[in-house]
Amino acid sequence: MLREPDDPRRRLLVKLLAAGAFFTPPMGRALADVFGEKPQKLPSDRSIYRLSGQVSVNGTPATLKTRIGPNDTIETGRRSEVVFVGGLSAFILRESSRMSLEQQSGTDTLVNVLRLVTGKVLAVFGPNNPQQLSTITATIGIRGTGVYAETDPEQTYFCTCYGVTDINANSDPNSRKTVTSKHHDEPVYILAAPKDGKTIRNAPFINHTDQELMLIEALVGRSPPFVFPSEDYAGPRKDY
């Protein structure tokens with residue numbers, strides 16, 4: 001799996017949030033100095049909250065004014081990242097990633113399809129807003145939840161941060177798993193080839209935080225469905 005160095009701004013975000021940054025004016029101003037503005041619901045005429053480094057949409061370099069919609073492809077270079085909103089969903093696409101957005105008509109609803117070709121993404125979705133995440137090794141149905149995924153040709157790491165997901169291994173139609181999670185309860189690896197007879201394996205909690213989920217939920221006017229003491233999250237992300 002990919003192992004990139006952490007973004008120092010993300011570590012600062014964790015420290016500010018752990019100190020109550022969103023709830024005190026001086027710390028809120030400090031957060032705005034780092035990220036350009038205090039996190040709040042993004043206006044309807046904007047898609048991108050923040051970007052750094054090399055970010056493109058459909059092959060064109062992105063700016064804060066770039067709009068992202070259905071059937072667009074977003075890419076990030078090394079040491080690059082973009083935080084953006086699409087409808088009731090919000091995303092952090094990490095460095096060296098490529099993700100395409102698609103729409104497919106269902107029987108009675110519109111299903112949004114995310115194709116994570118490579119890299120890492122943290123995403124939150126609104127209620128009654130079914131999604132599908134597709135990677136090289138997995139196809140995952142998502143029912144109004146927050147998720148984190150990393151993918152490479154050998155495996156996908158997937159965490160159901162909260163909500164319900166239906167996980168299917170692309171290499172084995174009989175390997176499937178439904179996860180109902182309240183708080184990062186059952187992360188998994190979905191392998192390209194079975195190992196020790198298992199294609200879907202238990203995994204640790206890595207590379208994303210509740211603070212980041214708070215950030216992107218705030219951009220669509222929501223909060224995560226959990227409450228936690230700030231001192232529990234004063235450290236960095238649980239990286240390898």
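Calculate one ³J(HN,Hα) per residue across segment 46-52 by plugging θ = phi - 60° into the Karplus curve 6.51 cos²θ - 1.76 cosθ + 1.60, and present them in order as whole Hz with x for glycine and proline.
Here the 3J(HN,Hα) series is 10, 10, 9, 7, 7, 8, 8 Hz.
How high is the FRET efficiency between residue 78 and residue 183 when r is their beta carbon distance and R₀ equals 25 Å, given to the nearest 0.05? Provide the component values of the computation, followed by the final result.
Numbers: r = 32 Å, r/R0 = 1.27.
That gives a FRET efficiency of 0.20.
What order do 99, 214 take when sorted by accessible area (1.4 Å probe), most exposed first? Kindly include the intermediate steps, with their values, before the conclusion.
Working: 99 0, 214 40 Å².
The residues order as 214, 99, largest area first.
Would you mind counting up the charge near residue 189? Only other residues with Cβ under 10 Å from its Cβ, with Lys and Arg at +1 and Asp and Glu at -1. Present the calculation step by step, with values, prior to reporting the outcome.
Details: positive: 195, 198, 201; negative: 150, 154.
Overall, the nearby charge balance is +1.
Add +1 for every Lys or Arg and -1 for every Asp or Glu among the other residues with Cβ under 11 Å from the Cβ of residue 161, and state the total. Write out the running numbers ahead of the final one.
Working: positive: 182; negative: 185, 186, 210, 212, 217.
Net of charged neighbours comes to -4.
Per residue, how much accessible area does segment 67-192 show when a 1.4 Å probe rolls over the protein heavy atoms, in square angstrom?
Result: 39 Å² per residue.
Suppose a student asked you for the relative contact order of segment 42-126, using Cα pairs under 8 Å spaced at least 6 residues apart; what percent would you report?
Working: 200 pairs, mean separation 21.1, N = 85.
Relative contact order for segment 42-126 comes out at 25 percent.
Quick one: which of 206-213, 41-48 comes out on top by average Cβ neighbours within 10 Å, and what's the full order, highest first?
Details: 206-213: 21.9, 41-48: 14.0.
With the highest mean Cβ count within 10 Å placed first, the list reads 206-213, 41-48.
The values are calculated or read from the model by the stated rules, or taken from the named source; none is laboratory data. Predicted model only: the values in this text are computed from it and were never measured. Cβ sites come from the backbone with ideal geometry, for glycine too, and all protein chains shown count toward neighbours. SASA here: full protein model, heavy atoms, side chains in, ligands and nucleic acids out. Shrake-Rupley method; radii C 1.70, N 1.55, O 1.52, S 1.80 Å.
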